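Heads up: the structure comes next, in structure tokens.
The values are calculated or read from the model by the stated rules, or taken from the named source; none is laboratory data. Source: prediction; values computed, not measured. Every residue, glycine among them, receives a Cβ derived from its backbone with ideal geometry; neighbour counts consider all protein chains shown. Accessible surface is based on the protein model in full, side chains and every heavy atom, while ligands, DNA and RNA are left aside. Shrake-Rupley method; radii C 1.70, N 1.55, O 1.52, S 1.80 Å.
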Amino acid sequence: MSEEKRALSSGTVKWGVMGTAGIASWGTIPGMQKAKGCELYAIAGRSLEKAQAYKERFGFEKAYQGYDALLNDPEVEAVYIPLPNDLHCEWVIKALNAHKHVLCEKPAAMNEGELRRMFAAARENGVILMEAFAYLHSPYISRLKEIISSGEIGKVDYIDTAFLTQDYSDDIRLHKEQGGGGIYDVGCYCTSMILTLIESPVKYIKADAELDSTGVDHMASVLIGFEDGTRASFNAGMILGTDSSDRYDRLFIHGSCGYIRSDAEYNGEGEITFEVTVKGEDGERVTRTERVIAASNYSMEMEQMNRCIIGNEVPHITEEFSVRNMRVLDSILDAVGYNDSKKEFILPNGAVIPAVGYGSYLSTEKGGVQTIIDALDCGYRYIDTASFYGNEEQIGEAIERSGIRREEIFLCSKVWFTDLGREKTLRSFEESCRKLKTEYLDMYLIHWPKSDADDEEWFEKVRQSWEAMEELYEQGRVKVIGLSNFLPHHIRPLLEAARIRPMVDQLELHAGYMQEYALSYLRKEGILPQAWSPLGRAKLLNDEAVSGIAAKYGCTNAALLLRYLNQRGIPVIPKSASKERMKENLDIFGFRISEDDMSYLSCLPEKGWSGEHPDKV
Ligand SMILES: NC(=O)c1ccc[n+]([C@@H]2O[C@H](COP(=O)([O-])OP(=O)(O)OC[C@H]3O[C@@H](n4cnc5c(N)ncnc54)[C@H](OP(=O)(O)O)[C@@H]3O)[C@@H](O)[C@H]2O)c1
């Protein structure tokens, strides 16, 4: 009898718990014990002794040493995973591939890329994955939503919240490599509260944080703007005295006709009270105290998960919500400098750009199609080309011959300045797709703003091309539309005319030529900068200063220059015709450049400039 049928017939779910973490002992396992339909079947720990202790204490049927043993037990139907953040992705996917339903502690992943892979595995295995925000199951949250949707306090225009805890002398939260820090630990509560109460898409995120010498954040302050004009802010961190067990929680929801004030603790249980103030037409303010009984958030969470497994209920914490929350966390971790290295960049529209792509300009001259096949063999999954490069047919041929699925490859091409204007751009796009043997492009850029220095008509042509690209984007023919070699004075007028904002701007960027004014403008406008000639077209590869620093990290000059840009949050597209150097340019994630060396490389005198400038082509 399949697990499904057994659970369905018995109305209970056999749960396994992976790890003996604190939150499991004081939160989720007691919640399981109180919850209907939960059978505490097995507990696994790195030490059998600790697992045995939990088995005795909580009444599990079995205790295992090691997590694989738990996943290999066919009786286990669902697994609760409270492991350190950096282990979530690996073990959640293992559990899902073992056909176990999974409840994973929050934050469920270290970044959106991981989270997407986890939910994809759940879909592929036909099992449920839910992120364990137990507090969101609380009747306190549903009462807040009820008051807001009743319109009693009018349209919500501002939310402020805070979740501050003790600092720690020795705790997993102090370890960056394990996903430590206040933003992951308590910041994710504040973001999930705000996103539970505001549905509008996020417009911008501004954040700053105090990081310790290991790069772990102890205090963060965040401002979020939403498309519908609502704003939200929060403070989150671990600063209230070392090992003090102190905490500070607050929530303020302001509407056009009133507001809600609450000092209830996140995950608070028992009787919860908060104040609702309503402003009458006469301006008279009437305040009342609301009372809600929250029996056990953890047992409510478990019961809901069981109903999803047995009764096909939709998880209360949906994939869409978890991805939305993780995207906000990612942006905050980027903004405060926590994320100092990324293997992929996820845009607000969800498009994923690999951090290292293959630049194909002049790369196929000698090797032709084989060069691109070599790049794909090396593991590149982003190919950067342009109609001007004259190699789109070779790239199309190479992808076809590689047998790699189209959707696994990120293809970027560009419209040349001789093809600006609506009709020409549409024709050029179709021509690029035909040559690349594809129905769509992942990214399409306007290659240069002007045809030459005296091009007075440049903006009108660009505006028309952009309009055509907006249509292609809305038709789903291209996933990301953007610019190349556009400087702030080219972008500003386009932002006024555009319906869809440019998402990327590909510029010449490398140590010795970092165009800092343009970079800070792009950051402010939420446009992702991407680096062409990230090696300065090889001009920086024999630079003494670069060699000196590279030696310190035991890496090549090329790897150092590419890692430098990655740590600046900039995806790169190095070009090499040699397979060996192609591999080298991908191998940039095994070391971290120190703050001082980052500063040194950022302050190098100008060097390696290509001589090409958007206004003087
Ligand atoms: N949007 C634009 O206007 C624009 C402009 C220029 C470039 N791009 C894009 O950016 C890509 C890269 O730019 P780029 O080709 O100008 O310059 P680049 O990637 O900075 O440098 C390429 C040069 O570096 C050498 N090289 C690459 N990897 C190396 C390594 N590990 N060790 C030693 N030498 C190495 C290459 O020689 P080998 O081939 O012999 O290895 C080549 O001579 C282009 O292919 C194109 O896709 C865009």
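For the range 3-132, the share of accessible area belonging to carbon and sulfur comes to 51 percent (1.4 Å probe, ligands and nucleic acids excluded). Annotation for the range 549-617: trypsin sites (Lys or Arg not before Pro) lying in DSSP loop with at most 12 further Cβ atoms inside 10 Å of their Cβ are LYS616. Under a model in which nothing but the beta-carbon of Lys, Arg (+1) and Asp, Glu (-1) is charged, the chain shows a dipole of about 880 debye around its Cα centre.
Restricting the GluC sites (Glu not before Pro) of the range 9-71 to loop positions (DSSP other than H, G, I, E, B) with no more than 14 neighbouring Cβ atoms within 10 Å leaves GLU61.
A straight Cα-to-Cα reach below 22 Å connects LYS414 with the lysines LYS424, LYS435, LYS437, LYS450, LYS461, LYS479, LYS575, LYS616, residues fewer than 8 places away in its own chain not being considered. Amide hydrogen proximity for GLU313: with H placed 1.01 Å from N in the peptide plane, the residues at 5 or more positions away or on another chain lying under 5 Å are CYS308.
When the helices of the chain are scored as -39500 (n - 2.57) per DSSP H run of n ≥ 4 and the total is divided over every residue, the value at 222 nm lands at -11000 deg cm²/dmol.
How would you classify the chain from its alpha-carbon gyration tensor, with a ≥ b ≥ c the square roots of the eigenvalues: rounded for a/c under 1.5, else prolate if a/b is greater than b/c, otherwise oblate? Show your work: numbers first, answer last.
Values: a/c = 1.86, a/b = 1.52, b/c = 1.22.
It comes out prolate by the Cα gyration axes.
Counting only protein chain heavy atoms and rolling a 1.4 Å probe, the accessible areas of CYS412, CYS378 rank, largest first, as CYS378, CYS412.
Take every Cα pair under 8 Å in the chain that's 6+ residues apart, average their separations, divide by the length, and report that relative contact order as a whole percent. Walk me through the intermediate numbers first.
Details: 1235 pairs, mean separation 61.9, N = 617.
Once normalised by length, the contact order is 10 percent.
Figure the gain on full extension for SER451 and LEU48 (residue separation times 0.36 nm, minus the Cα-Cα span) and round it to one decimal in nm.
Working: separation 403, 0.36 × 403 = 145.08 nm, distance 7.03 nm.
Using 0.36 nm per residue and subtracting the Cα-Cα distance, I get 138.1 nm.
Rounded to the nearest whole Hz, the Karplus-based 3J(HN,Hα) values (6.51 cos²θ - 1.76 cosθ + 1.60, θ = phi - 60°) of the range 342-357 follow the sequence 9, 8, 7, 10, 9, 7, x, 8, x, 5, 10, 10, x, 5, 10, x, with x at glycine and proline. Across the cross-link table entries LYS145/LYS203; LYS94/LYS552; LYS100/LYS342; LYS50/LYS343; LYS155/LYS203; LYS206/LYS343, which are compared at the Cα atoms, the separations over 26 Å belong to LYS94/LYS552; LYS100/LYS342; LYS50/LYS343.
Accessible surface area normalised per residue over the range 148-301 is 44 Å², counting heavy atoms of protein chains with a 1.4 Å rolling probe.
At 1.4 Å probe radius, can you tell me the per residue accessible area of the range 3-132 in Å²? For the range 3-132, the solvent-accessible area averages 39 Å² per residue.
Put simply, the amide H of LEU129, placed in the peptide plane, has neighbours under 5 Å in VAL102, leaving out anything fewer than 5 places away on its chain.
Mean separation of Cα pairs under 8 Å and 6 or more residues apart, divided by the residue count, gives the range 3-132 a relative contact order of 21 percent. Farthest toward the positive end of the dipole of the chain, out of GLY548, ILE309, LEU487, is the Cα of ILE309, where the dipole comes from beta carbon charges about the Cα centre. Restricting the range 9-105 to trypsin sites (Lys or Arg not before Pro) that sit in a DSSP loop and have at most 15 other Cβ atoms within 10 Å of their own Cβ leaves LYS36, ARG46.
Farthest toward the positive end of the dipole of the chain, out of PHE274, VAL76, ASN111, is the Cα of VAL76, where the dipole comes from beta carbon charges about the Cα centre. Taking only protein heavy atoms and a 1.4 Å probe, the accessible area of the range 269-423 is 47% carbon and sulfur.
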